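In what follows, a single structure is set out as structure tokens and then discussed.
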Amino acid sequence: MKALLVVLALFLPIINAQVPHWGPCPEPFMGRWFEIAKLPAQFERGRCIETNFTLRLDGTAHVLKTIDRIAVVEDKRNPAKLGISFSYGTNLIFFFQMPSLVYSCTDVFRLFHVDFAWILGRTRSLPAATIDHGKEVFTNNNIDVSRMILSRQQGCDRDL
């Protein structure tokens, strides 16, 4: 008990300047995400599309979507940047610019590139203003979202 009091006394000035919470840090990008809108992607069709990110013991993230792949945290200081390999050899890098935006750019022999962009949510729908704000963030980062389409999330059997 004395040791706990000493530790608290040592950390009290630090804790006072921060916002402390009980338990371990959250993993904000892990868990179930629903596709709200996207740039058209050849490998992703259909409706009721969702993605589940699960942290693995080796520090990688398992990504279960329409296709099942392994994501690697490329930089431990930036865990929101993931590399994902697909069978056709393309390495997609995801940048979570805010909790519900995902962007990927694939260079093709440095001659041209292909953009992938998604707006994700923790629920099957988001307010129109939130979707518009997401598109604005993409646009402000020179990502053309003029072809972005809303995903079909209505009538899904697995709604909670």
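The values are calculated or read from the model by the stated rules, or taken from the named source; none is laboratory data. None of these values were measured; they are calculated from a predicted model. Cβ placement follows ideal geometry from the backbone for every residue including glycine, while neighbour counts extend to all protein chains displayed.
Data overview
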| item | result |
| --- | --- |
| Condition check for Ile93: buried (at least 17 other Cβ atoms within 10 Å of the Cβ) and either modelled with pLDDT of 85 or more or within 13 Å of the chain's Cα centre (by Cα) (or both) | no |
| Test for Asp75: is it assigned to a loop (DSSP other than H, G, I, E, B) and at pLDDT 75 or above | no |
| Selection within segment 25-51 - under 16 Å from Ser104 (Cβ atoms), in contact (Cβ under 8 Å) with a residue 24 or more places away in the chain and not charged (D, E, K, R) | Phe29, Trp33, Ala37, Leu39, Pro40, Ala41, Phe43, Ile49, Thr51 |
| Residue match in segment 101-114 (condition: at pLDDT below 90, within 18 Å of the chain's Cα centre (by Cα), part of a loop (DSSP other than H, G, I, E, B) and not aliphatic (A, V, I, L, M)) | no |
| Residue pairs meeting the criteria (Cβ under 8 Å; at least 6 apart or on separate chains; first within 11 Å of Ile36 (Cβ to Cβ) and of a type in the set (Ser, Thr, Tyr), in segment 138-160; second loosely packed, with under 13 Cβ neighbours inside 10 Å and modelled with pLDDT under 95) | Ser151/Arg47 |
| Unmet criterion (only one of (1) at pLDDT 90 or above; (2) in a loop (DSSP other than H, G, I, E, B)) for Leu120 | (2) |
| Of residues in segment 42-62 being at pLDDT below 80, within 26 Å of Thr139 (Cβ to Cβ) and not charged (D, E, K, R), the one surrounded by the fewest Cβ atoms within 10 Å (Cβ to Cβ) | Gln42 |
